[in-house]
Each structure stands twice: as structure tokens, then as C-alpha cells.
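Engineer: Mind having a look at this structure? Questions to follow.
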Amino acid sequence: MKTTLRLAERARELDAADPLGGMRQRFLGHDDAEVPAYLDGNSLGRPLAATLERLNDFVRSQWGGRLIRGWDEGWLALPRQIGDQLGEHVLGAAPGQCVVADSTTVLLYKLARAAVAAVSGGGTRNEIVLDRDNFPTDRFVMEGIAEECGLTLRWVEADYDGGVRPEAVAAAVGPQTALVVLSHVAYRSGYTADVPLITEVVHRAGGRVLWDLCHSAGSVPAELDAWQVDYAAGCSYKYLNGGPGAPAWAYVASRHQEDFEQPIRGWLGAGDPFGMGRDYVPAAGIQRMVSGTPPILGMLAMQDMVALIAEAGMDAVRQKSVQLTSFTVEAFDDLLAPLGAVLASPRDPSRRGSHITFDHPASREVTAGLWERGVIPDYRNPDGIRLGLSPLSTSFAETHTGIEAIAAGLGATARP
Ligand SMILES: *Cc1c(COP(=O)(O)O)cnc(C)c1O
């Protein structure tokens, strides 16, 4: 009880001192009594109030008012425009290298196919390196590509409460490596990979790297250009608050755009789409990543979040994120560890992203009960509870409320 009071007070102090605290008011539902703790913003970010207006206005004046003229008046350019904004404020990428399209799954396929085609070196580079702990879609897509293209998968192991380390990658790459596919922040443990070092290790072996930033974009700063990343992709409905099913983004470094041949050739990735020509001639630059008609409605919301991140600055966002995860680890030690929960995320803040995972045998049962009461963490098979701390929409008090409720739930299952 004493611990709980002290933690509650700490949460209040941290909220009071938080320079970004006021931004939470700009999200819808933050004061909703029905959801006392939303700790799953890393799976689906909350909407911004500005988004409600933007959607309303778009349907009324843009779609309703401009009709088909809208395509020429800006919609066709939107995927690249938002890509550039993401590059500037979130990803550390100069203009012309990012585009919004498809889903992460589809973009991973397109990027990886293009990458292995570009580096296969007459068939001698025939391996894709990936890790067992990566998100299922990443593994499934690479398994499919390996089958389709006659490549071999080389698996690296990741530490359970950590992730893939540079030494593990160094031991796996060589003259046979075409591509390495890894996550910047591991979806389960939250481990933050050393992107610049691993990228360098792969380049020294003559391969290329495709980084998945689904769990970092918008919460952990990225410097794709400075880190010499080859290809990257990520979704926009997690820390970029683009809404359910919002299209993903892809990055192709300028130096790789000329030999970039993605497998889903479509008319809007062609150089002269309205020429309705006979042959596919790819567009110059990042536009060739596009296949078909861009999902404009789906890319409206993320613009509000990118604007908010630009206003806050990624460094400040990261600082808040580190404070939130540190407070969560502190609360974990005080309230959850005594109940038998085991931390499955790094303790070193510099090596973790914006979520904390722990294991407890009653995770599934307890999470189901909490969801009904509006305390929303994420259950991860088989025993994990993941606490996603979206820096701009999550308060310390809310985090404390959630962890206290989880502790009460776990405590109740322990009683005979
Ligand atoms: C969320 C997530 C995805 C999701 O892919 P979709 O195509 O958007 O369903 C892929 N990879 C990682 C690492 C993720 O965290």
C-alpha cells in the first residue's frame, strides 16, 4: 500500500513536470472514464481531435467538392509528400526516399524482392538472414520469397529479454548474404537494435539490410540516411496514429533507386501512367515503389500525428518515452515482480523502445478481465503482457493506474 501511494505520487510529479503533458489533451478519448488506462497505443494509436476535422473536411470539400479533379490537385502526390514529412520529422531521411503505400506486409515483400534481385550477384548471394523472434509477418514473407526465388534462410537467435546483437549478425553474414531483415525495435521484448553498427556489419560482408521500424517510428528517433540504411518499412497505425488499416511507408535509399525493381508492377509506379502505354517503364525515384491507386482516405490521419511529432520534436518524444518505460520498470519491480511476474524487456533504457513486456502464467486470463473494464494492456502469446507507452498520448498517472489494476488482477489469481 505504501509502495502504491509513493508510486501514485511519483506519477503525479512526473506528469506535472512533463513538458509534453499538455499534448495529451489533443487526442480523443483521453478523459474517457470508460478507459482509465490505454496501454496499447503501440498496437493502435489513439486518434487526434484534429483528425476528426480533417476527415470531415476531406469528405465534404475534397472528395465531395473536387471529385475526380482531386487526383490532379494533390491526391496523387500525397504518398510522396507524406513520405517526405515522415522522412524529415520521424525517420531522418532526405526527401525523395520515402513513400506511403500498401501495408507493411506487402511493402516488406516488394522491398525484399527488389533487394535480392539487385544483389544476387549472378546467384552467389543466395541467403536471407533473419531472426526467429521477428514479427510473424516478416518471417512469413521471407519464407515465401525464399521458396519463390530459391533462396536459403539463415536464422539468427535473439536473446529472450533482448534482441539481435551485432555479433550474432556478424557470425551469420558472408559472401553468400544477399539481404538481412531485422526489426529496429523488437515487437515483443522492446529491444532496440544497434542499427548503424549492424548495417555496417552487413555492408562489410557485401549484403544489404531491410529494417522494419513498425515498433519504433514515432517513438524512437531514426537516422536512416546517417545510418546508411538500404531499405526500411513500417506501419503508421502504431506510434504514428494513422488509424486502423492505415497504409504503411517504405524507404529506399537514393543510391539504390536506379536498380530498384519491385515485383508488383502497376500503372501508378510507371513513368507515364496516363499515357496508357503498352510497356511498363518504371517511374524515376521512389514513385516506382507504388503499384496501384493510393489509399488517400487511409493516409489522412497520420498527417496530424506527424505534425504533432514535428511540434514536439523527436528528441523530446524519446525523452518522454524513456521516462515512461523507466517508471513502468520501477512500478513493475514494486508491484508485479513480487507476484511472480518476470521482466522480458531490457533494463537499460538506451536499449529499449517504448514498450515493456513481462511474463506471468495468468497473463491471458487477467488481460481479458481488464479489457472489459477499460484497462487495456496487450496480451502476447503465451504468457506475456505488453505495456505500450505512446509518448504523446500516455500519462504517468494512466500508466500507474494500469499497472495497479494488473497487479490486483494477478494478485487475485494467486489466491487459493
Ligand atoms: C505491426 C507489425 C507489422 C504489421 O504488418 P501489417 O502488414 O501492417 O499487418 C509487421 N511487422 C512488425 C515488426 C510489426 O510490429
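Engineer: Could you give the alpha-carbon Rg of the stretch 343-416 over 2.2 N^0.38 Å, rounded to two decimals?
Structural biologist: Ratio of Cα Rg to 2.2 N^0.38 Å: 1.10.
Engineer: Which loop-located GluC sites (Glu not before Pro) does the stretch 1-82 contain, where loop means any DSSP state but H, G, I, E or B and the Cβ has at most 14 other Cβ atoms within 10 Å?
Structural biologist: Qualifying residues, ordered by number: 34.
Engineer: Helix-only estimate, please: 222 nm mean residue ellipticity of the chain, summing -39500 (n - 2.57) across DSSP H runs of length 4 or more and dividing by its residues, to the nearest 500.
Structural biologist: -10500 deg cm²/dmol
Engineer: For residue 348 and residue 34, FRET efficiency with R0 = 35 Å and r from the beta-carbon atoms, rounded to 0.05?
Structural biologist: Once rounded, the FRET efficiency stands at 0.45.
Engineer: Along each of the three principal axes of the Cα atoms of the stretch 224-283, give the extent in whole Å, ordering the values from largest to smallest.
Structural biologist: Extents along the principal axes, in whole Å: 41, 31, 16.
Engineer: Please state the shape class of the stretch 147-264: rounded when a/c is under 1.5, otherwise prolate if a/b exceeds b/c and oblate if not, all from the C-alpha gyration tensor.
Structural biologist: Judged from the Cα gyration tensor, the stretch 147-264 comes out oblate (a/c at least 1.5, b/c at or above a/b).
Engineer: Top mean-square fluctuation among 284, 250, 344, Gaussian network model of the chain, C-alpha springs under 10 Å?
Structural biologist: Maximum fluctuation in the GNM of the chain, among the listed residues, is at 284.
Engineer: Let me ask another. If you average the C-alpha positions of the stretch 240-315 and of the stretch 1-28 separately, how far apart do those two centres end up, in angstrom?
Structural biologist: 38
Engineer: If you project the alpha carbons of the stretch 186-243 onto their three principal axes, what span does each projection cover, largest first, in Å?
Structural biologist: 39, 22, 16
Engineer: Still on this structure, I have one more. Once phi is turned into ³J(HN,Hα) by the Karplus curve 6.51 cos²θ - 1.76 cosθ + 1.60 with θ = phi - 60°, what whole-Hz value does each residue of the stretch 270-281 show in order, with x for glycine and proline?
Structural biologist: 8, x, 10, x, 8, x, 6, x, 7, 10, 7, 10
Engineer: R0 = 25 Å: FRET efficiency of residue 315 with residue 15, Cβ-based, nearest 0.05?
Structural biologist: 0.80
Engineer: Could I ask something else about it? Projected area of the chain, taken from the Cα convex hull and averaged over every viewing direction, in nm²?
Structural biologist: Averaging across all directions leaves 21.0 nm² for the Cα convex hull.
Engineer: May I ask you to list the chymotrypsin sites (Phe, Trp or Tyr not before Pro) in the stretch 226-329 that are in a DSSP loop and have at most 14 other Cβ atoms within 10 Å of their Cβ?
Structural biologist: 280
Engineer: Please identify the chymotrypsin sites (Phe, Trp or Tyr not before Pro) of the stretch 56-98 that satisfy two criteria: DSSP loop assignment and at most 16 other Cβ atoms within 10 Å. Which are they?
Structural biologist: Counting only loop positions with at most 16 other Cβ atoms within 10 Å, none of the chymotrypsin sites (Phe, Trp or Tyr not before Pro) in the stretch 56-98 qualifies.
Engineer: What angle, in degrees between 0 and 90 and rounded to the nearest 10, separates the Cα long axis of helix 136-149 from the longest principal axis of the Cα atoms of the chain?
Structural biologist: Relative to the chain, helix 136-149 is tipped by roughly 20 degrees.
Engineer: In nm, to one decimal, how far is the modelled label at residue 293 from the one at residue 364, with both set 7 Å along Cα→Cβ?
Structural biologist: The two pseudo-label positions are separated by 4.2 nm.
Engineer: What residue among 183, 270, 325 has its Cα farthest toward the positive end of the dipole of the chain, where the charges are +1 on Lys, Arg and -1 on Asp, Glu, each on the Cβ?
Structural biologist: It is 270, whose Cα lies furthest towards the positive end.
A short reminder: the numbers here are calculations on the coordinates, not readings from a lab. Since we're looking at a predicted model, the values are computed, not measured. As a convention, Cβ positions derive from the backbone with ideal geometry for all residues, glycine included, and neighbour counts pool all protein chains shown.
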